[in-house]
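Shown next, in structure tokens, is the structure this report addresses.
Readers should treat all values here as calculations from the given coordinates under stated rules, not as data from a laboratory. Predicted model, so just to flag it, every value in this text is computed and none were measured. Using ideal geometry, Cβ is built from the backbone for each residue, glycine included, and neighbour counts are taken over all protein chains shown.
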Amino acid sequence: MAEQPVLTLDQVPSYRPDVRVRNVRGGFLVAVAGEAFELSETASFIWKQIDGANSIADIGRLLSSEYDIDTETATADTKDILEYLATTGSVVF
């Protein structure tokens, strides 16, 4: 895994083109560069919001609305999850 980047809320994530995703028990199994990992329910929701247009802040607001939590917490959680996904190489900015 790569070093964990420090992201800003205006950055827009996108998928690496060689990432493979499978729906497993309502969550996602993500495979990239010979490694695979399963996303939690929250991480799966965040994954689904990656469209090349939504920024980290945008996804945080969507997470806040979906799970009825405050926007600040949702955005911080979104940033943490996307920083982790960047270390796996599955998400790029």
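Just a few scattered comments:
- Per residue of the chain, the DSSP helices (runs of n ≥ 4 H) give a summed -39500 (n - 2.57) that works out to -13500 deg cm²/dmol at 222 nm.
- Computed label-point distance, nm, for sites residue 3 and residue 73 using a 7 Å Cα→Cβ extension: 3.3 nm
- Here's the picture: a label point sits 7 Å out from the Cα of residue 22 along the beta-carbon direction, and within the stretch 37-71 the residues with their amide nitrogen under 12 Å of it are 37-38.
- Phi angles of the stretch 78-93 translate, via the Karplus equation with coefficients 6.51, -1.76, 1.60 and θ = phi - 60°, into HN-Hα couplings of 4, 4, 4, 5, 5, 5, 5, 4, 5, 5, 7, x, 7, 10, 10, 10 Hz per residue; Gly and Pro are given as x.
- The stretch 35-93: proportion of alpha-carbon pairs further apart than 19 angstrom, %: 21 percent
- Taking the Cα centre of the chain as origin and assigning +1 to Lys and Arg Cβ atoms and -1 to Asp and Glu Cβ atoms, the resulting dipole is close to 420 debye.
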